[in-house]
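Structure first, then comments.
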Amino acid sequence: MGGGALANHIFVYGTLKRNHPNHFLLEDLISENDAVYVGQRTTRLSYPLVTGLYGIPYLINQSGSGQRIRGELYSVSKRGLVRLDELEGIKVEHYERLPVEVVEEEEESNGVVLAEAYFAHRRFGERLWEKKGKLGMCEFGVNDGVSYVRPRDRPRFSSVIDEIEAFVSSTND
């Protein structure tokens, strides 16, 4: 048995979903009993979802903007959460793990689950949304995943965080 109770609900909307580049991590966690797939879910509220540099998807913590986001819900152990936080760059402030309410697509009124999702860090999230012309999507599809560049294939000398900062700070002239 893995790292104890699967007490943490995590809503994934991007590269961690099935048939996407980082799903292997969830597959590992599932094989170690550190995660269980719960099912397809949609955010109860609407949020901006955009892709940034290297095709990286970002959920932006501005409920009421954007659209309701489709994704997958997992129950994850504490140990699994540590691995996910690592992938998502929590320590370096790439993403932050924040609460989000998700529902089954058909169940508007009941079946609200409180989960957490990895949102673009507040240092750049809102500016990235503005930079993208406030045009978001409702789902990170397989075709969106094609433009994703894995960390090992990105330029060695650079930090994604610094590049995002440069991108959201640049003027459009």
(message) Suppose only helical runs count, i.e. DSSP H with n ≥ 4. What mean residue ellipticity at 222 nm does that imply for the chain under -39500 (n - 2.57) per run, divided by all residues and rounded to the nearest 500 deg cm²/dmol?
(response) -6000 deg cm²/dmol
(request) Go through 44-51, 33-40 and give me the packing order, highest mean Cβ count within 10 Å leading. (result) 44-51, 33-40
(request) Give me the percent of the accessible area of the chain that comes from carbon and sulfur atoms, probe 1.4 Å, all protein chains in place. (result) 49
(message) Could you tell me which residue out of P57, T43, V100 lies farthest along the dipole of the chain toward its positive end? Charges go on the beta carbon: Lys and Arg +1, Asp and Glu -1, centred on the Cα centre.
(response) P57
(message) Going by Cα centres, region 1-62 and region 81-140 are how many Å apart?
(response) 9
(request) Find the accessible area per residue for the chain; the probe is 1.4 Å, ligands and nucleic acids are left out, and the unit is Å². (result) 51
(message) Nothing charged except the Cβ atoms of Lys and Arg (+1) and of Asp and Glu (-1): what's the magnitude of the dipole of the chain about its Cα centre? Round to the nearest 20 debye.
(response) 340
(request) Just subtract the alpha-carbon distance of F167 and C138 from 0.36 nm times their residue separation and send over the number in nm, one decimal. (result) 8.1 nm
(request) Using the 2.2 N^0.38 Å rule of thumb for compact globular proteins, work out how region 1-137 stacks up: its C-alpha Rg over that value, please. (result) 1.01
(message) I'd like the orientation of helix 78-87 relative to the chain: the angle between its Cα long axis and the longest Cα principal axis, in ° from 0 to 90, rounded to 10.
(response) 20
(request) Using only Cα atoms, tell me the angle between helix 160-169 and the longest principal axis of the chain; keep it within 0 to 90° and round to the nearest 10. (result) 50
(message) Need the full-extension length gain, R122 to L87, defined as separation in residues times 0.36 nm minus the C-alpha distance. One decimal, nm.
(response) 10.8 nm
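Region 94-172: which trypsin sites (Lys or Arg not before Pro) are DSSP loop and have at most 10 other beta-carbon atoms within 10 angstrom?
Filter output for region 94-172: R156.
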(message) Using the basic label-point model (7 angstrom from Cα toward the beta carbon), what is the E130 to E32 distance in nanometres?
(response) 4.1
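The values are calculated or read from the model by the stated rules, or taken from the named source; none is laboratory data. Since the structure is predicted, the reported quantities are computational estimates derived from the model, not experimental observations. Cβ coordinates were reconstructed from backbone atoms using ideal geometry, including for glycine residues, and neighbour counts include every protein chain displayed. Surface accessibility is based on the protein's heavy atoms, side chains included, excluding ligands, DNA and RNA. Shrake-Rupley method; radii C 1.70, N 1.55, O 1.52, S 1.80 Å.
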